[in-house]
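J.: Would you mind keeping the following structure in view while I ask a few things?
Nothing in this text is a laboratory measurement; each read-out follows from the coordinates by a stated rule. Computed from a predicted structure; not experimentally measured. Positions of Cβ are generated from backbone atoms using ideal geometry, with glycine treated the same way; all protein chains shown enter the neighbour counts.
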Amino acid sequence: MDITVNILLTIATAATPLLIAAIGELVVERSGVLNLGVEGMMIMGAVCGFGAAYLTGSPWIGVLAAIIAGALFSLLFAFMTLTLATNQVATGLSLTILGLGLSGMIGTNFVGLPGVRLPNLYIPGLSDIPVVGKLLFGQDPLFYVSIALVIAVSWFLFKTRKGLMLRSIGDSHSSAHALGIPVIAYRYLAVMFGGACAGLAGAHLSLVYTPQWVENMTAGRGWIALALVVFASWRPMRVLAGAYIFGAVWIGQLHAQAFGIPVPSQFLSALPYLATIVVLVLISRNKRLTMMNTPASLGQPFVPDR
Amino acid sequence: MAKSADKAANLIEVRGLTKVFGTLTACDHVDLSIREGEIHALLGENGAGKSTLVKMLFGSLEPTSGELFWKGKPVRIGSPSVARSLGIGMVFQHFSLFEALTAAENIALSLHDGATLDEIASRSRELSKTYGLPLDPDSLVGDLSVGERQRIEITRCLLQEPDLIILDEPTSVLTPQEADKLFETLERLRSEGKSILYISHRLEEVKRLCDRATVMRHGKVVGHCDPRKETAASLARMMVGTDVVTAESTPIELGGAPELLAICGLSRKPAGPFSMPLKNIWLSVRTGEVLGIAGVAGNGQGEFFEAVSGEALQESADAVRIRGKSVGRVGISARRRMGAAFVPEERLGHGAAPRMKLSENLLLSRHDTDRNAFVALGGFVKSGAIQSATQRIIEAMDVRKSAPDPEAAALSGGNLQKFIIGRELDRQPAVMVVNQPTWGVDAGAAARIRQALISLARAGSAVLVISQDLDELFEISDAIAVMHNGELSKPIPRGEATYEKIGLLMGGAEPGHAAPHHPEVA
């Protein structure tokens, strides 16, 4: 029983950063912007979160620093792709490369330092209930934040007027502009929300998952988050499901290695990416479903003509 | 205009409105006034400046100079939301709807009164019923026909309770019967005291519907008139500036003329989520014949053209036959080598590469069919031969241009279309397939293109013309078939075809008629 609970807890811990980064990117892509810089924003969040927490001793200040770092870093992307209308793919890729390099430089002195861990939630009584207590009331705070984010984003996109406007921009930015919706302003906000989420996901890695700073510690999770958005066909609830499936694959891989299953460890490490490819191939077969949910103006720069 | 002072007051008045794009003056000191409770026509050819004028009225373009008066007060309309708050609503020619959203969501986007989606859905259902525009608010726009999409646009516009409604070429996507329904709606709105600015180049509609007309040519207003007192010919003369020539087609006796193009049981699965499947299409075009295919846009014409031209291959080789040979499994170049020629709907980006010169565009389409003429040993291009062929086409089709060998995108729509058609005619193709030959082309160029297609047929080729323009099909075709919902009706000989008959088929009124069962033609 305890083993099952522990496995479930580790899956949740592995899934949470994927979920937070992916739900942020989902909002960005619903507005019609493709930001491939998730990995870079995430690692910036991780290093700034770790640094701020270490220097102040407060993990919460670390979380705040990570959010701000992610948002500011995405602002660079927003300025280039939205104001200067540069190519989103190239800009996003360079954001990732820049983030990986810059975080390594910022974090030179943090390597090997003991980290500050964000404490798990503990509600006397509730958290002590066997099995469910730990699962429902004893996890790290960002787990609850991630679930709340999914619900909030889902409600925002499909139940509010502003969410409808955001989706309409993603479907056709020129039509939205013709209706008088401020396309660029919405996209700035969406990109910065995505950046803040990626930063928060990075904080989860360096303050909860493995509370220390290691160069390249995101280890491709930003790319998995990007794949997750497509996997979920741009639907928040499917991102939630997908994040946990991917998290389970990630953990399954670790356990398989620990049990000494005679499979090369490299293969198991590659499994999440393999799963991504298989899923992408599978969902792209249903063209109608993909096209209906895919933001039609995804990746296209918008330059209004006056 | 002084005589009208005692009538209804002006709702909107425009004085000296000018819009300059670089070196082009799209609108040159335009004056226009629309009274309360009238349907006012804005007439003009493509490129006359109608759309530019309307965009300035709706705030999506900023005028370079000029004055606007709304209910007698000077106003500046800086954005579409300003226009809407004044009481100006617009139904666009190229729909501004979001395909991935539902009808109700689309309507909600342009309303600003804080109503919930459910309220908006019930309000639009009610309003659409009152005005005879049936509409399901929960349907996804991507799944709807163009006629249904237009109803959403109109409903959306009416829910904002505008005083002035601008309609940009509203009937270009409708069957004649759908257009009649639209006219009833518009007349009803007029009787409620609303004003309508009706943009069109279809003169019969304007004569029937409108109280006053303003005619534009080359960015200038060339006249105001009462369309009911004019004839179609006199209105056309005002629009074009000279007498309009129509193409001449003498009836032809086909008898046992040999069949050059045959489509036998062509079916095609939908290529994308919003595209139309083709269902068991049979067709035969004989030497000397111009066959027209009518239909409302989006009923499978594009998919059909791709299948005939070889852009999309068929499963069965026999589905398409050119001069007796089965070509269903071979691509576009192989079909061209058998003497066929194809002109797609989209001029820029499909019919021609926009940033390449005319001579280069010539080589692109004919390097394979005229290899001996244009390509030397070792794959080198014979530029002299290409240049002289380009000049020959330019002269034959009277292509007007500003440079000796300009980029395709530098030509006006009509001139580029003349070049693209001329490029194929220059080969004297045995089979010519054209999709929307004169879409967005001025009257002079259109007449020339139509005449050229008739001459090609009479010289012994088979010509297949797909068009949304019924007038055009009646002018040049020897028989007209109708495409509806991916099915093709039997061709109706020119002598028996009427607008009403074709219109009913376009609306799918006789589905039985649209599913012919031809015997296998040997």
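J.: If each residue's Cβ is checked for other Cβ atoms within 10 Å, how do B:ASP143, B:ASP168 rank with the fewest at the top? Don't jump to the answer; show the numbers that get you there.
T.: Working: B:ASP143 12, B:ASP168 20.
Going from sparsest to densest Cβ surroundings: B:ASP143, B:ASP168.
J.: Rounded to the nearest 0.05, what FRET efficiency do B:GLU253 and B:ASN280 have when you use their Cβ-Cβ distance and R0 = 30 Å?
T.: 0.50
J.: Once both axes come from the Cα atoms, what is the angle between helix B:146-159 and the longest principal axis of chain B, in degrees from 0 to 90, rounded to 10?
T.: 10 degrees
J.: Quick one: if you stick a label point 7 Å off each Cα along the C-beta vector at B:SER455 and A:VAL303, how many nm between them?
T.: 4.2 nm
J.: Continuing with this model, one more query. Does the stretch A:1-119 come out rounded, prolate or oblate, given a ≥ b ≥ c as the square roots of the eigenvalues of its C-alpha gyration tensor, rounded meaning a/c under 1.5 and, failing that, prolate meaning a/b above b/c? It would help to have the intermediate numbers written out before the result.
T.: Numbers: a/c = 2.37, a/b = 1.40, b/c = 1.70.
Note, shape of the stretch A:1-119 comes out oblate.
J.: Can you work out the PRE-style zone for B:ALA233? Point 7 Å along Cα to Cβ, and I want the residues of the stretch B:199-224 with backbone N under 17 Å.
T.: Zone members listed by number: B:203-204.
J.: Which lysines have a Cα less than 29 Å from the Cα of B:LYS490, not counting those fewer than 8 places away in the same chain?
T.: Reachable lysines: B:LYS181, B:LYS269, B:LYS279, B:LYS325, B:LYS501.
J.: Full-extension gain between A:ASP2 and A:LEU121, please, as 0.36 nm times their residue separation minus the C-alpha to C-alpha distance.
T.: Numbers: separation 119, 0.36 × 119 = 42.84 nm, distance 1.87 nm.
Extra length available between A:ASP2 and A:LEU121 comes to 41.0 nm.
J.: Using the Cα centre as the reference, give the magnitude of the dipole from point charges on the C-beta atoms of the protein assembly as shown (Lys, Arg: +1; Asp, Glu: -1; all else neutral), rounded to the nearest 20 debye.
T.: Details: 74 positive and 75 negative charges, 198 e Å.
So the dipole magnitude of the protein assembly as shown works out to roughly 960 debye.
J.: With point charges of +1 on the Cβ of Lys and Arg and -1 on the Cβ of Asp and Glu, referenced to the Cα centre of the stretch A:2-293, which listed residue (A:LEU9, A:GLY125, A:PRO182) lies farthest in the positive direction of the dipole?
T.: A:PRO182
J.: OK, next. If we count other beta carbons within 10 Å of each Cβ, what is the order of A:TYR122, B:TYR198, fewest first? Please report the intermediate quantities before stating the final value.
T.: On the way: A:TYR122 11, B:TYR198 24.
Fewest-to-most Cβ neighbours within 10 Å comes out as A:TYR122, B:TYR198.
J.: What does the C-alpha gyration tensor say about the overall shape of the stretch A:34-180? Classify as rounded when a/c is under 1.5, otherwise prolate if a/b is larger than b/c, or oblate. Numbers along the way, then the final one.
T.: Details: a/c = 3.17, a/b = 1.28, b/c = 2.48.
Verdict is oblate for the stretch A:34-180.
J.: Using only DSSP helix segments of four residues or longer, with each worth -39500 (n - 2.57), what per-residue ellipticity at 222 nm results for the protein assembly as shown after dividing by its residue count and rounding to 500? Numbers along the way, then the final one.
T.: On the way: 30 runs with 382 residues, N = 828.
After summing the helix terms and dividing by the residues of the protein assembly as shown, the value is -14500 deg cm²/dmol.
J.: With +1 on the Cβ of every Lys and Arg and -1 on the Cβ of every Asp and Glu, and nothing else charged, how large is the dipole of the stretch B:430-501 about its Cα centre, in debye rounded to the nearest 20? Working shown, then result.
T.: Values: 6 positive and 9 negative charges, 53 e Å.
For the stretch B:430-501, the charge dipole is close to 260 debye.
J.: Sticking with this structure for a sec: Can you give the average number of partner chain beta-carbon atoms within 10 Å of each beta-carbon in peptide A:158-168, as a whole number?
T.: Details: counts 2, 2, 0, 8, 0, 0, 7, 2, 0, 5, 8.
Partner Cβ neighbours, averaged per residue: 3.
J.: Please name which of B:LEU254, A:PHE50, A:MET292 has its Cα lying farthest along the dipole of the protein assembly as shown towards the positive end, using unit charges on Cβ (Lys, Arg +1; Asp, Glu -1) and the Cα centre as origin.
T.: A:PHE50
J.: Just subtract the alpha-carbon distance of B:ASP138 and B:LYS220 from 0.36 nm times their residue separation and send over the number in nm, one decimal.
T.: Details: separation 82, 0.36 × 82 = 29.52 nm, distance 4.37 nm.
So the chain would gain 25.2 nm between B:ASP138 and B:LYS220.
J.: Then there is this: Given an 8 Å cut-off on Cα distances and at least 6 residues of separation, report the relative contact order of chain B as a percent.
T.: 14 percent
J.: Now for a separate question. With an 8 Å cut-off on Cα pairs and a minimum separation of 6 or more residues, tell me the relative contact order of chain A in percent. Before the final figure, lay out the partial values.
T.: On the way: 554 pairs, mean separation 111.0, N = 306.
36 percent.
J.: Taking beta carbons within 10 Å but only from partner chains, what does the mean come to for residues B:98-106? Numbers along the way, then the final one.
T.: On the way: counts 11, 6, 12, 5, 0, 0, 0, 4, 5.
Mean number of neighbouring Cβ atoms from other chains: 5.
J.: Return one number: the angle in degrees, 0 to 90 and rounded to the nearest 10, between the long axis of the Cα atoms of helix B:443-458 and the longest principal axis of the Cα atoms of chain B.
T.: Long axis of B:443-458 versus the principal axis of chain B: about 30 degrees.
J.: Relative to the longest principal axis of chain A, what angle (0 to 90°, nearest 10) does the C-alpha long axis of helix A:161-171 take?
T.: Here the helix axis deviates by roughly 70 degrees.
J.: Simple spin-label model, 7 Å along Cα-to-Cβ: B:THR246 to B:PHE380 in nm?
T.: 5.4 nm
J.: To the nearest Å, what is the center-to-center distance of the stretch B:16-30 and the stretch B:170-228, using C-alpha atoms only?
T.: 24 Å
J.: Across peptide A:175-182, what mean number of C-beta atoms from other chains lies inside 10 Å of a residue's C-beta?
T.: On the way: counts 9, 3, 4, 9, 10, 11, 4, 0.
That works out to 6 on average.
J.: Under a Cβ-only charge scheme (Lys and Arg +1, Asp and Glu -1), can you give me the dipole magnitude of the stretch B:2-240 about the Cα centre, in debye to the nearest 20?
T.: Details: 30 positive and 34 negative charges, 200 e Å.
For this selection, approximately 960 debye.
J.: Can I ask one more? For the pair B:ARG208 and A:THR56, what calculated FRET efficiency results from E = 1/(1 + (r/R0)^6), where r is the Cβ-Cβ distance and R0 = 56 Å, to the nearest 0.05? The partial results should precede the final answer.
T.: Values: r = 78 Å, r/R0 = 1.40.
Calculated value: 0.10.
J.: Still on this structure, I have one more. Suppose each label sits 7 Å from its Cα in the direction of the beta carbon; what would the A:ALA296-B:TYR499 distance come out to in nanometres?
T.: 3.2 nm
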